[in-house]
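Quick note: the coordinates plus some simple rules give every number you see, no bench work behind them. Please read these numbers as outputs of a predicted model, since none were measured by experiment. Neighbour counts run over all protein chains shown; Cβ positions are idealised from the backbone, glycine included.
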Amino acid sequence: MNATDAFLSTLVTAPASNAALVNLKNVHLSFGSNEVLKGIDVQVRRGEAVSIIGPSGSGKSTILRCITGLLRPQRGEILVGATRVDTLRTEAELIALRKRVGFVFQQYNLFPHLTVLENLVLAPTRVVGRDRTAALREARELLKKVRLAHKESAYPGELSGGQQQRVAIARALAMQPELILFDEVTSALDPETVGEVLTVIRDLVKDGMTCVLVTHEMRFAEEVSDQVYFTEAGRIVEHGPARQIFGNPSSERTREFLQRSLGEGTRPRNMQPTPPLPFNQLRFAL
């Protein structure tokens, strides 16, 4: 094994096992009178790729923010490994968690005054205290992994949206996390650059990185996911292996959502067409 392979192997967690790396149990979260999560149960095992799908406003991104401690539920338990995330209170505790959990947001959040390479090196050297020479070497390997080695001296403003998002993924990986969360990372991209980012995520999944993805890219979720959770109105409507959810969902609501998301011509197997609404109801459906 050469030095590059040895470093990249540190980004991959242990093989999948029966023990869950992430475990949410009966999680409830409200903002005032608005109940956003209504008893969420989610499990993610090491080495798995798990997608959370559902309509906008169904609580998908909120689940990710609870996992990384950005939001604290009023009820329920959240475990990442042996860490009870919902009980963390101090900034030091939260920083320790976020060293282990990478988060890639819709927006790239790169430092515009730093080069691509310096964006990757900043956290490992400042937060973890890694040797700068080693951090630079590892950052360059990650840029190769996301196919941007030729952009290490560029500034974020000189990159396309897809390139910036790939840099954001590399920056999350630079902390060598156990788990990486992707929150609609292609939603702000034009169609031509979506594929660049999905290719990088696909490679991470193949390498065995534990990933949780909130996405509207249904075909991609079907391809890469081990497990899929369908959410609506703050509840898990249905979950199971990707083949089951996309091929033969048990919930009528899941079927309806996938039918609309995938298009009439790509309806999941065994899915019956939804009868058209009577004309006098159309105005209420718009």
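Residue check: Val228 meets all listed conditions (1) part of a strand (DSSP E or B); (2) of a type in the set (A, V, I, L, M); (3) free of Cβ contacts under 8 Å to residues at least 60 places away in the same chain but one, namely (3).
Only one of Leu120, Leu148, Leu159, Leu173 is touching a Lys or Arg at 6+ places or on another chain (Cβ under 8 Å), among the aliphatic types (A, V, I, L, M), within 26 Å of Ala19 (Cα to Cα) and buried (at least 18 other Cβ atoms within 10 Å of the Cβ). Can you tell me which?
Leu173
Could you pull out every one of the strands (runs of 3 or more DSSP E) wholly within segment 37-107 that has 3 or more residues that are free of Cβ contacts under 8 Å to residues at least 60 places away in the same chain and polar (S, T, N, Q)? Don't jump to the end; show me each part of the working.
Numbers: elements: 49-53, 75-80, 101-104.
Per the criteria, no element qualifies.
Mind listing whichever residues of segment 184-225 are within 15 Å of Ile63 (Cα to Cα) and either without any contact (Cβ under 8 Å) to a residue 24 or more places away in the chain or buried (at least 21 other Cβ atoms within 10 Å of the Cβ) (or both)? Step through it out loud before you land on a result.
Initially, segment 184-225 is screened for residues within 15 Å of Ile63 (Cα to Cα), giving 184, 211-215.
Within segment 184-225, Cys211, Val212, Leu213, Val214, Thr215 qualify.
When Val50, Val85 are checked against the criterion of being under 30 Å from Gly32 (Cβ atoms), within 16 Å of the chain's Cα centre (by Cα) and crowded, with 18+ Cβ neighbours inside 10 Å, a single residue qualifies: Val50.
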